[in-house]
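Engineer: Can you read through this structure? Questions will come right after.
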Amino acid sequence: MINHLSAQKNLAKHRLPVHSHTETSWQTQLADTINDLDELLEILQLTELKPSLYVPKNFPLRVPRAFVNKMCMGDANDPLLLQVLPQRAELSSVTGYVADPLAENIHNPIQGLLHKYQSRVLITVTGACAIHCRYCFRQHFDYQSNLPSSQQIPAIKYYIESHPEINEVILSGGDPLSVSNRRLIQQLQVFEDLAQITTIRLHTRLPIVIPERLDRVLLDYLTQSRCQIVMVLHCNHANEIDKHTEYYISQAKQAGITLLNQTVLLQGVNDSVSAQVALSQRLFAVGVLPYYLHVLDKVAGAAHFDLTEKKAVELYWQMLAAMPGYLVPKLVREEPHRLFKTPVNLYKVY
Ligand code: SF4
């Protein structure tokens, strides 16, 4: 079995010194993300990378300092850095990689509500994220015309009540935890008021990139909710969970929240059995169960992160051999017009 702890120990020597972000509120950290490429490269002592990068306009560089603190200084291949670095490769147009790979725009019966899966609806709380992940399928999504305004709330409630098969609301975005507690709690209350809703799910990367977001006000509210609260974290690499992150995740665990994780399979970031085993073990050690391993959505600008399906399947077989079943996330892909995540066929002959 691969020992991720010793691997982490070795990496820790090269990490940046931990800044005083532990003392800083999540709102301050959110307002103080690194948006300037030169600043990021200087902090990481990687200014020589500049010629292979560019300054994107529509989906600009954005990375919280707490996340940068988990990167290794001087390492151009750091798996966390690769997820946020705008490579010139993004500018190449690659056949098959498109702006809306999931055709989500057609499942929007009401502005801000996506009804694709039978018993669940997805609500776009905000278009904002604390971090801009370069592989994200939402990077070209038209949030401006898809955010629900307060005027839409009655229509959303009416839509859910007219579909008694809906019992779960997924708050998504962007990142739903990037809005204030006041706004988030208002949203939660709308759905808690509907008797048919038994579960509220929050899909978020914020506890990984700014752990302080799991603050007392939010956790106390979630603890007393009449609904089951499920938080699906988005963590792609074991190095994303340092001790500081572990502390805040443990607070969420103690608050009685069901914690799951979804990962995107990314070339150069986590496309090895050792990286996947380390991630699953680290997640489990902090009380989070691996849930999904997503094959990359074929979004324009992200082709350099993609693996062939054959490679993904080969890797997955190795993961099955290396870990107990409860540590192996489901290998899935999202397909337009399918009413569920599609399990990748492990027995296909290539
Ligand atoms: S929606 Fe998630 S994956 Fe996409 S940029 Fe935001 S945090 Fe990253």
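The values are calculated or read from the model by the stated rules, or taken from the named source; none is laboratory data. Everything numeric in this text was worked out from a predicted model, so none of it was measured. For neighbour counting, all protein chains shown are included, and Cβ atoms are generated from backbone atoms with ideal geometry for every residue, glycine included.
Engineer: Run Gln111 past the list (1) more than 30 Å from Gln152 (Cβ to Cβ); (2) in contact (Cβ under 8 Å) with a residue 24 or more places away in the chain; (3) not charged (D, E, K, R) and report the number of the one that doesn't hold.
Structural biologist: (1)
Engineer: Go through the stretch 54-98 residue by residue and tally those that are assigned to a loop (DSSP other than H, G, I, E, B) and on the phi < 0 side of the Ramachandran plot.
Structural biologist: 28
Engineer: Quick one: count up the residues across the stretch 1-55 that are under 23 Å from Leu279 (Cα atoms) and either out of contact with any strand residue (DSSP E or B) (no Cβ under 7 Å at 6 or more places or on another chain) or modelled with pLDDT of 95 or more (or both).
Structural biologist: 15
Engineer: Looking only at the stretch 226-241, count how many residues are more than 14 Å from the ligand (Cβ to nearest atom) and part of a strand (DSSP E or B).
Structural biologist: Qualifying residue count for the region: 3.
Engineer: Are any residues in the stretch 189-217 in a helix (DSSP H, G or I) and either within 11 Å of the ligand (Cβ to nearest atom) or within 19 Å of the chain's Cα centre (by Cα) (or both), and if so, which ones?
Structural biologist: Leu206, Pro207, Ile208, Val209, Pro211, Glu212, Arg213
Engineer: From the list Val269, Val295, exactly one residue is within 16 Å of the ligand (Cβ to nearest atom) and over 22 Å from Phe67 (Cα atoms). Which is it?
Structural biologist: The match here is Val295.
Engineer: Yes or no: Thr223 free of Cβ contacts under 8 Å to residues at least 40 places away in the same chain and within 13 Å of the ligand (Cβ to nearest atom)?
Structural biologist: No.
Engineer: Further question on the same structure: What are the residues in the stretch 114-140 that are assigned to a strand (DSSP E or B) and out of contact with any Ser or Thr (no Cβ under 8 Å at 6 or more places or on another chain), if any?
Structural biologist: Hits for the stretch 114-140 are Arg120, Val121.
Engineer: Here is a check on your reading of the model: is Leu113 touching a Phe, Trp or Tyr at 6+ places or on another chain (Cβ under 8 Å) and within 13 Å of the ligand (Cβ to nearest atom)? Walk me through it before giving the result.
Structural biologist: On the way: touching a Phe, Trp or Tyr at 6+ places or on another chain (Cβ under 8 Å): yes; within 13 Å of the ligand (Cβ to nearest atom): no.
So Leu113 does not fit the description; no.
Engineer: Could we say that Leu265 is closer than 24 Å to Leu82 by Cβ and at pLDDT 95 or above here? Break it down into steps so the answer makes sense when it comes.
Structural biologist: Numbers: closer than 24 Å to Leu82 by Cβ: yes; at pLDDT 95 or above: yes.
Yes: the conditions hold for Leu265.
Engineer: Next question. Count, please, the residues in the stretch 162-186 that happen to be over 15 Å from Ala128 (Cβ atoms) and within 16 Å of the ligand (Cβ to nearest atom).
Structural biologist: Total meeting the criteria: 1.
Engineer: Determine the pairs where a residue that is in a strand (DSSP E or B), located within the stretch 169-186, has a partner that is basic (Lys, Arg) and more than 16 Å from the ligand (Cβ to nearest atom) with Cβ atoms under 7 Å apart, the partner being 6 or more residues away or on another chain.
Structural biologist: Pairs that qualify, where the first residue is in a strand (DSSP E or B) and the partner is basic (Lys, Arg) and more than 16 Å from the ligand (Cβ to nearest atom), are Ile170/Arg120.
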